[in-house]
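Before I ask anything, let me first share the structure, which is written out below as structure tokens.
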Amino acid sequence: MEWQGLLSLLLTLGALGTLIFTRIGPHLVMTGVLIVLLVSGVLTAGEAFAGFGNSGLITVAAMFVVASGIHASGGIELIVHYVLGKPKGTRGAQLRISLPVALFSGVLNNTPVVATMIPAVRAWAKRIDVPVSKLMIPLSYAAILGGTLTMVGTSTNLVVNGQYQAMTGEPGFSLFSITAVALPVAVVGLVFILVFFPRWLPGRREKEIFGNLREFTLEVAVAAGGPLVGKTVEQAGLRNLKRIYLVEIERAGAIVPAVGSEEPLQAGDRLVFAGDTEAISDLLRIKGIIASTNGSEPTLAKEHSERRLVEAVISPHSNCINQTIRDSQFRERYGAVVLAVARHGDRVPGNLGTIKLKPGDTLLLEARPAFVSRQQYNKDFLLVNDLHTEAPRHQRAYLAWGILMLVVLSAATGLLPMLHAGLLGAAAMLLTGCCSAPQAQKSLDPTVLLTIASSFALGAALEKTGVARLLGETAIDLSAGHPLLILILIYISVSILTECITNNAAAIIMLPVVLEITQKASLNPEPYIFAVMIAASASFATPLGYQTNLMVYGPGGYRFTDFLKVGVPMNLLVGVTTVTVLALGWPLVR
């Protein structure tokens with residue numbers, strides 16, 4: 001092996017280790033790998049940046065906008081209204097969620113589908129008296145299974161198809177090429193959910209963890225003529241209190257949100273603090289602070305245009321993970337203040353400043369209005385539930401579904417390539433007003449797109465330097481050249497990788513190796529590529545393995561072990577079903 005191959009192999013191992021053992025974002029890791037490959041001369045500029053012009057990546061971006069049109073027009077709520085209804089018991093509720101979500105995820109990116117369904121399912125669970133913990137994991141798993149049904153159901157299928165076309169020069173796969181294997185897998189998975197999950201999932205009913213603001217906030221006032229009038233928050237000694245901190249000031253009917261240290265106090269200011277409410281006695285000992293004479297309604301419960309109350313779930317790639325709220329400088333970094341933290345469905349009481357943030361924690365934030373719009377550029381929060389989001393354009397819901405159906409039919413019948421159909425669908429969503437330009441822009445997750453595009457460079461380097469060939473020959477030796485053993489080995493390898501790193505990166509890195517294996521062993525590449533696609537998406541065992549799992553982690557009140565209990569059997573079942581269907585339905589040898 002020459003130095004180029006050794007460098008490519010070391011970069012692959014280094015990227016995997018960094019993604020598994022650190023909190024550095026995948027987009028930063030893979031972009032760093034691309035830069036090293038380019039600067040070292042392993043890849044030319046054209047080879048390094050080829051991923052940014054890959055048809056699969058562009059189709060992913062277009063389908064993000066199409067999904068945004070369905071979401072912004074209230075298309076999902078339309079289906080929720082007519083489909084959920086009044087089931088009899090837990091199994092009936094899981095059925096009414098799983099079937100439509102699986103179907104929607106086959107033609108839409110599953111992240112906006114799950115994001116839209118979460119608040120609807122929470123409200124519905126209360127109405128039908130079914131514990132929300134019985135419904136949230138089925139919601140996520142159904143979306144994962146449905147995403148494998150078509151080439152546009154998940155970004156992984158699209159980018160693998162695009163990489164396959166670029167590396168082989170073949171025309172690629174049609175919209176429903178993978179359905180023959182994915183449909184039996186989805187059916188088996190959904191039956192498994194409906195048979196076992198009603199008993200296996202915990203029966204924790206959703207608590208109003210942020211329902212009573214008085215449980216975690218307290219209010220005092222600045223005495224008129226007192227020593228604090230005219231002093232800044234810092235000078236008054238109200239910035240570095242141990243058990244509580246200042247959130248906002250109500251002043252003459254207006255609100256000063258996310259109060260800064262240099263904000264001067266005025267007579268009659270009503271100060272709202274968050275944290276340990278037992279610290280009220282400590283506050284009242286400060287000269288110039290008096291008890292608030294506010295009525296029965298807390299200040300935070302009143303609507304004000306100056307601030308938003310937002311629920312947000314911490315992303316696994318957030319810079320705040322394993323830091324306390326105080327040490328992370330949350331207020332300065334995001335322009336928002338943490339009012340309360342919930343973990344596993346329970347609010348974490350006590351001193352907010354000392355709570356170490358974990359992936360999946362749900363935060364109740366008081367933020368300025370611009371906070372939510374900024375999250376399109378900052379992916380520290382996976383799910384943002386803004387109480388003042390833009391109202392859906394319900395009158396365009398049917399139009400949005402019509403556009404989506406035309407996109408699917410055009411690609412399915414071969415009238416248009418998937419890329420062309422997706423781009424026309426995205427343009428139609430914008431031109432008809434199903435979604436606004438800001439909403440379309442927000443749907444284009446830059447970190448996901450950058451990770452995918454940069455990962456192509458590493459895949460190209462593995463192929464160009466011969467590392468993929470070496471790994472392929474090793475895999476053939478380990479499996480004694482047996483086609484079925486090779487299929488099992490590929491599925492297990494991708495499945496383990498996708499639990500540790502992003503599913504897109506796992507698939508893109510493995511595809512060159514798989515193509516080398518099939519070429520060297522004279523195997524039919526199609527079933528092996530389908531195995532890569534499904535293994536990369538079928539991540540059930542942990543809440544961190546797939547984005548939708550983490551999204552339901554907090555709202556469902558789950559513990560990590562809840563995912564292990566139901567997810568490990570799901571991983572095994574989907575793996576066995578996939579390998580069996582591929583082995584029986586496709587010739588493994590050319």
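Looking at (1) closer than 25 Å to Arg199 by Cα; (2) among the hydroxyl-bearing types (Ser, Thr, Tyr); (3) at pLDDT 90 or above, find the lone condition where Ser539 falls short.
Going through the list (1) closer than 25 Å to Arg199 by Cα; (2) among the hydroxyl-bearing types (Ser, Thr, Tyr); (3) at pLDDT 90 or above, Ser539 breaks only (3).
Residue-by-condition table, conditions (1) on the phi > 0 side of the Ramachandran plot; (2) of a type in the set (Val, Ile, Thr); (3) surrounded by fewer than 21 Cβ atoms within 10 Å (Cβ to Cβ); (4) out of contact with any Asp or Glu (no Cβ under 6 Å at 6 or more places or on another chain):
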{"site": "Leu6", "(1), (2), (3), (4)": "no, no, yes, yes"}
{"site": "Gly25", "(1), (2), (3), (4)": "no, no, no, yes"}
{"site": "Gly32", "(1), (2), (3), (4)": "no, no, yes, yes"}
{"site": "Ile35", "(1), (2), (3), (4)": "no, yes, yes, yes"}
{"site": "Phe49", "(1), (2), (3), (4)": "no, no, yes, yes"}
{"site": "Ile58", "(1), (2), (3), (4)": "no, yes, yes, yes"}
{"site": "Ile76", "(1), (2), (3), (4)": "no, yes, no, yes"}
{"site": "Val83", "(1), (2), (3), (4)": "no, yes, yes, yes"}
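Assuming Gly556 fulfils every condition listed in (1) of a type outside the set (A, V, I, L, M, F, W, C); (2) surrounded by fewer than 19 Cβ atoms within 10 Å (Cβ to Cβ); (3) under 30 Å from Ile24 (Cα atoms) apart from one, which condition is it?
So the condition that Gly556 fails would be (2).
Pick out the one residue from Ile490, Ile452, Ile486, Ile476 that is buried (at least 17 other Cβ atoms within 10 Å of the Cβ), under 18 Å from the mean Cα position of the chain (by Cα), among the hydrophobic types (A, V, I, L, M, F, W, C) and within 21 Å of Met167 (Cβ to Cβ).
Among Ile490, Ile452, Ile486, Ile476, only Ile452 is buried (at least 17 other Cβ atoms within 10 Å of the Cβ), under 18 Å from the mean Cα position of the chain (by Cα), among the hydrophobic types (A, V, I, L, M, F, W, C) and within 21 Å of Met167 (Cβ to Cβ).
Of the residues that sit in the stretch 514-543 and are among the β-branched types (Val, Ile, Thr), under 23 Å from the mean Cα position of the chain (by Cα) and part of a helix (DSSP H, G or I), which one is surrounded by the most Cβ atoms within 10 Å (Cβ to Cβ)?
Ile534
For the stretch 383-397, indicate whether the set of residues that are assigned to a helix (DSSP H, G or I), crowded, with 18+ Cβ neighbours inside 10 Å and either at pLDDT below 80 or not acidic (Asp, Glu) (or both) is non-empty.
yes
Between residues in the stretch 219-245 that are under 15 Å from Leu283 (Cα atoms) and residues that are basic (Lys, Arg) and at pLDDT below 85, which pairs lie under 7 Å by C-beta distance while being six or more apart or on different chains?
Val233/Arg239
Only one of Val152, Val160, Val121 is modelled with pLDDT of 85 or more and over 30 Å from Leu511 (Cβ atoms). Can you tell me which?
Val121
If a residue has to be closer than 22 Å to Arg333 by Cα and either surrounded by fewer than 18 Cβ atoms within 10 Å (Cβ to Cβ) or out of contact with any helix residue (DSSP H, G or I) (no Cβ under 7 Å at 6 or more places or on another chain) (or both) to count, how many in the stretch 244-261 make the cut?
Matching residues across the stretch 244-261 total 10.
OK, next. Could you please give the count of residues in the stretch 399-415 that are among the hydrophobic types (A, V, I, L, M, F, W, C) and over 11 Å from Leu175 (Cα atoms)?
Total satisfying the criteria: 8.
Applying the selection to the stretch 156-200, what residues are under 25 Å from the mean Cα position of the chain (by Cα) and small (Gly, Ala, Ser)?
Selection gives Gly162, Ala182, Ala186, Gly189.
Which residues, counting only those in the stretch 498-513, are assigned to a helix (DSSP H, G or I) and either in contact with a Ser or Thr (Cβ under 9 Å, 6 or more places away or on another chain) or surrounded by fewer than 23 Cβ atoms within 10 Å (Cβ to Cβ) (or both)?
Thr498, Glu499, Cys500, Asn503, Asn504, Ala505, Ala506, Ala507, Ile508, Ile509, Met510, Val513
The values are calculated or read from the model by the stated rules, or taken from the named source; none is laboratory data. The shown structure was predicted, so the numbers you read here are calculated from the model rather than taken from an experiment. All Cβ positions, glycine included, derive from the backbone under ideal geometry; neighbour counts span all protein chains shown.
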